[in-house]
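**Q** For reference, the structure I am asking about is given below.
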Number of protein chains: 4
Amino acid sequence: MKITVWNEFCHEKEDDRVKAIYPDGIHETIAKFLREAGYEDVTTATLDMPECGLTDEVLNSTDVLFWWGHVRHGDVPDEIVEKVYQRVLAGMGLIVLHSGHASKIFHKLCGTDTVGLKWRESNDKEILWVIEQNHPITKDIDDKLIIEHEETYGEHFLIPQPDELLLVSWFSGGEVFRSGCVFKRGRGKIFYFRPGHETVPTYHIPEVQKLLCNAAEYVCGAGSKPVNYGWAAPVVE
Amino acid sequence: MKITVWNEFCHEKEDDRVKAIYPDGIHETIAKFLREAGYEDVTTATLDMPECGLTDEVLNSTDVLFWWGHVRHGDVPDEIVEKVYQRVLAGMGLIVLHSGHASKIFHKLCGTDTVGLKWRESNDKEILWVIEQNHPITKDIDDKLIIEHEETYGEHFLIPQPDELLLVSWFSGGEVFRSGCVFKRGRGKIFYFRPGHETVPTYHIPEVQKLLCNAAEYVCGAGSKPVNYGWAAPVVE
Amino acid sequence: MKITVWNEFCHEKEDDRVKAIYPDGIHETIAKFLREAGYEDVTTATLDMPECGLTDEVLNSTDVLFWWGHVRHGDVPDEIVEKVYQRVLAGMGLIVLHSGHASKIFHKLCGTDTVGLKWRESNDKEILWVIEQNHPITKDIDDKLIIEHEETYGEHFLIPQPDELLLVSWFSGGEVFRSGCVFKRGRGKIFYFRPGHETVPTYHIPEVQKLLCNAAEYVCGAGSKPVNYGWAAPVVE
Amino acid sequence: MKITVWNEFCHEKEDDRVKAIYPDGIHETIAKFLREAGYEDVTTATLDMPECGLTDEVLNSTDVLFWWGHVRHGDVPDEIVEKVYQRVLAGMGLIVLHSGHASKIFHKLCGTDTVGLKWRESNDKEILWVIEQNHPITKDIDDKLIIEHEETYGEHFLIPQPDELLLVSWFSGGEVFRSGCVFKRGRGKIFYFRPGHETVPTYHIPEVQKLLCNAAEYVCGAGSKPVNYGWAAPVVE
């Protein structure tokens, strides 16, 4: 399984608070725990690389793509978004993290304006409750996962009904949020995972790392045979 | 539309706190606000009536059945449960309230041990967030509905994935709960609505009343043609 | 309820076989049976009108939009598609007919390349079986609906799992197809209905007309309150 | 993974046509191809064994249970059904085959009278089309699977909407049917697979065998942590 971790990589260069938490960028932190979990083929890509680091060669060999973005969604060219989109339909797994909800690629795959939600940066406590039991993504996770401080997202979240709803968050300010959602599009699976604001060390939490490793396994395609679309002769006379 | 409101009617006779809130029983409070909303054909039935008040005549003419029970689920005879079940499959709407989650009829229609959830009587605040927009059941309801004090229910709730997830609750003690769920079974629609503990005046809240009136409209069958099951001749030669 | 019926209106002007069936265009046939069913406010719009006939004034007052297109999907400007998309998210109902599966607007709302399916113009018999019982869209429809001759569409159909699967078609050549699908996007409901090739008189069939009238009722929004997205103060302290 | 293949084992003893196809019973044919596929721990159980062969010891060590029954559903004691049901909710995978749709256990897990469908023994051709792409159960299966002669089942099939709809069948007599359905109940996954009438050699077909091996893998539980239900202290103060 080849994993590519994509990050817009802005906050970590400009904001000392963020740099202190993710000195090499969120992408390198994620790549590191994936490698430590035994995934050998993990690379990273960022917005400022040529073609956003997502060349045809990279995309065509990627089985699972992680995506973190926040303030520069608009700077990802539409051609790159289209290529990622086609790869997902063709079977590449996609894991969209936190503010990636407002990315062009998530928007395009959902069919709704996924920027729509309530939010607040107030370091609320977040408790993620497991809604679907015995799912591969929540393997070895307790019935809840507590994060002491996170940005708050609140419903209504402008997504289509997910194919699988795995996690719902509670926030101390009074909100709830569908924080772990699987969407199936064509041959590809997308997992949206809410936590991961840049000013808190969420991706350093072992349970979060475990869950994201599980997610990579889950969204990786089963390798079924592709379909021939288009004109078709009758099967029977 | 003929509505029957069923209640086990125990707490209200035995507990002065409950009697103070629902002097004629929860069923009469519900029947009253339904009538005031313009539904003319509303009757009530309780556990201690002959056949639990759910005779063939009553059931066969009922379009929507409300169900509140708590401590005497086991006293509803299986034959009555079977009749209600068959009526739901045939198109009768069913609205299961609060502790009715552990009733025989809800259990039987869900296919899981719906008694499974976390709970606590600690008068937490409950905030119900609307998850699906523009649904008939949440018509004229704000984006959230706040109840100052309620019993707490928490996930995991041992139900199948609902066909429609309309409401998710937040509780001040840290829990979340799928509080408004539509299930479709055969020709019938079931709406589960979480709030309504006997020691708090939830069914006197105007927004709750409005939502339950909307729900009655929604689960009432569309009147489509029934299907012939069993042996069938080929449609084409 | 204000209904607008949109049609690219090409085949009917260029192909005598089509003109014989729909002399004033598919849109006028649909508008006519809607009016005869009692909908008073029905207008039509076509591709060659200024702004495709979908001005802001038209769109903003439309409750339900029918969409038929086939060979000129690419000629609908992206700005028009974006406006229709925003109206659907805001609550306008959309009924996508037959080859409209490949339209820009359906593609955008689904989040997949909805052009993907098998097809064949061989005048197969089509039998549409009702999958979900007692749904408002199939009210007064028998357990199946037979169309003597239609274009064939076959699975796999490259759509996300519909929120409601109402009809599955059988074709004499050996194919099946998800022919009646409801998708919910934001505050809007979309109904995709497969039959309606331009060379066969499908929209003259009374059962098809009845079903499409039902569909117009169903996708028309419930009128619930809109949500405020964006920054939000805590609900509790 | 420990697999138990359960069969009522009646037709094969009483009907020479069936005996010719499945001389040791359908269960032994299924067990054989599972063992040949590399599953080492496969046992069988039949109706006439003590406790139907489903003792506590057998059930508690079974990860995946296959179920074939037809004419003696009523002879499976309710206590056995209850034990199987509890094991599924606790995480055991269940694969219900063909006429097992009318079994007590499938009925109980679905929450509907799953006996409801159309049927005909006329040796129709059946074509199973793959509806969900890239699913583990259809790995290495073509876009359709053709069975020359089978019993016909037709919609409407009285099941709740499946959590995953994988296969839809076409029959030469004009019917369609949801033939491959995943239901999730508690911690358990159930896969219903339609083909397998006793008078035709369906379970000898390599593609069917491959698909059922895939299904055994898929319904086998992920091994996530169980939940504590019941009274719960607040998570936050």
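**Q** Pick from region C:40-54 the residues that are in contact with a Lys or Arg (Cβ under 9 Å, 6 or more places away or on another chain) and not charged (D, E, K, R): which of them is farthest from C:Asp24 (Cα to Cα)?
**A** C:Leu54
**Q** Looking for whichever is surrounded by fewer than 22 Cβ atoms within 10 Å (Cβ to Cβ) and at pLDDT 95 or above here; the options are B:His149, B:His135, B:His156. Which one fits?
**A** Going through B:His149, B:His135, B:His156 in turn, the sole match is B:His149.
**Q** Identify all residues within region B:115-138 that are under 18 Å from the mean Cα position of the chain (by Cα) and outside any strand (DSSP E or B); write none if there are none.
**A** B:Val115, B:Gly116, B:Leu117, B:His135, B:Pro136, B:Ile137, B:Thr138
**Q** Under 8 Å between Cβ atoms, which residue pairs at least 6 apart in sequence (or on different chains) link something in region B:101-125 that is within 7 Å of chain D (Cβ to nearest Cβ) and hydroxyl-bearing (Ser, Thr, Tyr) with a partner that is open to solvent by 10 Å² or more (accessible area, probe 1.4 Å) and part of a helix (DSSP H, G or I)?
**A** B:Thr112/D:Leu89
**Q** Name every residue in region B:88-100 that is open to solvent by less than 10 Å² (accessible area, probe 1.4 Å), touching a Leu at 6+ places or on another chain (Cβ under 9 Å) and part of a helix (DSSP H, G or I), in order of residue number.
**A** Passing the criteria: only B:Val88.
**Q** Here's another thing I want to ask about it. Applying the selection to region A:181-205, what residues are within 21 Å of A:Gly91 (Cβ to Cβ) and either open to solvent by less than 10 Å² (accessible area, probe 1.4 Å) or without any contact (Cβ under 8 Å) to a residue 40 or more places away in the chain (or both)?
**A** Pass one, region A:181-205, residues within 21 Å of A:Gly91 (Cβ to Cβ): A:181-193.
A:Cys181, A:Val182, A:Phe183, A:Lys184, A:Arg185, A:Gly188, A:Ile190, A:Phe191, A:Tyr192, A:Phe193, listed by residue number.
**Q** On to the next question. Can you find a residue that is on the phi < 0 side of the Ramachandran plot and within 15 Å of the chain's Cα centre (by Cα) anywhere in region C:224-234?
**A** There is no residue in region C:224-234 that is on the phi < 0 side of the Ramachandran plot and within 15 Å of the chain's Cα centre (by Cα).
**Q** Which residues, counting only those in region B:179-230, are assigned to a strand (DSSP E or B), at pLDDT 95 or above, within 25 Å of D:His101 (Cα to Cα) and of a type outside the set (Lys, Arg)?
**A** B:Val182, B:Phe183, B:Gly188, B:Ile190, listed by residue number.
**Q** Taking into account only those residues within region D:181-198 that are within 12 Å of chain B (Cβ to nearest Cβ) and charged (D, E, K, R), which is nearest to D:Thr138 (Cα to Cα)?
**A** For region D:181-198, the residue satisfying everything is D:Lys189.
**Q** Give me the pairs: first residue in region B:158-180 and farther than 20 Å from A:Phe171 by Cβ and at the interface with chain D (Cβ under 9 Å from one of its Cβ atoms), second residue open to solvent by 10 Å² or more (accessible area, probe 1.4 Å) and assigned to a strand (DSSP E or B), beta-carbon distance under 7 Å, and six or more apart or on different chains, which are they?
**A** Filtered contacts from region B:158-180: B:Pro160/D:Lys184; B:Gln161/D:Lys184; B:Asp163/B:Lys184.
**Q** Hey, another quick one. May I ask you to list the residues in region D:1-46 that are acidic (Asp, Glu) and either surrounded by 21 or more Cβ atoms within 10 Å (Cβ to Cβ) or part of a loop (DSSP other than H, G, I, E, B) (or both)?
**A** The answer is D:Glu8, D:Glu12, D:Asp15, D:Asp24, D:Glu40.
**Q** Being acidic (Asp, Glu) and free of Cβ contacts under 8 Å to residues at least 24 places away in the same chain is the filter here; which residues of region A:126-147 pass it?
**A** A:Asp143
**Q** Output the residue which, of all residues in region B:206-230 that are in contact with an Asp or Glu (Cβ under 9 Å, 6 or more places away or on another chain) and surrounded by fewer than 17 Cβ atoms within 10 Å (Cβ to Cβ), is farthest from the other protein chains (Cβ to nearest Cβ).
**A** So the residue we want is B:Glu207.
**Q** Hey, another quick one. Yes or no: D:Lys104 of a type in the set (D, E, K, R) and farther than 18 Å from D:Val182 by Cβ? Show your work before the answer.
**A** Working: of a type in the set (D, E, K, R): yes; farther than 18 Å from D:Val182 by Cβ: yes.
Taking the combined requirement at face value, the residue satisfies it.
**Q** Assuming D:His70 fulfils every condition listed in (1) in contact with a helix residue (DSSP H, G or I) (Cβ under 6 Å, 6 or more places away or on another chain); (2) not in a loop (DSSP other than H, G, I, E, B) apart from one, which condition is it?
**A** (2)
**Q** Let me ask something else. Would you point out the residue of region B:126-146, among those that are touching a helix residue (DSSP H, G or I) at 6+ places or on another chain (Cβ under 6 Å) and closer than 14 Å to B:Leu165 by Cα, that is nearest to the other protein chains (Cβ to nearest Cβ)?
**A** Out of the qualifying residues, it is B:Pro136.
**Q** Just to be sure I understand, how many residues within region A:101-111 are open to solvent by less than 10 Å² (accessible area, probe 1.4 Å) and not aliphatic (A, V, I, L, M)?
**A** Summing the residues that are open to solvent by less than 10 Å² (accessible area, probe 1.4 Å) and not aliphatic (A, V, I, L, M) in region A:101-111 gives 4.
**Q** Only one of these conditions is not met by D:Leu117: (1) in contact with a His (Cβ under 8 Å, 6 or more places away or on another chain); (2) modelled with pLDDT under 95. Which number is it?
**A** (2)
**Q** Moving on to the next point. Just wondering, is there one or more residues in region C:69-82 that are within 24 Å of B:Glu132 (Cβ to Cβ), buried (at least 20 other Cβ atoms within 10 Å of the Cβ) and touching a residue at least 12 places away in the same chain (Cβ under 8 Å)?
**A** No, because not a single residue in region C:69-82 is within 24 Å of B:Glu132 (Cβ to Cβ), buried (at least 20 other Cβ atoms within 10 Å of the Cβ) and touching a residue at least 12 places away in the same chain (Cβ under 8 Å).
The values are calculated or read from the model by the stated rules, or taken from the named source; none is laboratory data. Fair warning: this is a prediction, and the values are worked out from it, not measured in the lab. All Cβ positions, glycine included, derive from the backbone under ideal geometry; neighbour counts span all protein chains shown. With ligands, DNA and RNA removed, areas are computed over all heavy atoms of the protein, side chains included. Shrake-Rupley method; radii C 1.70, N 1.55, O 1.52, S 1.80 Å.
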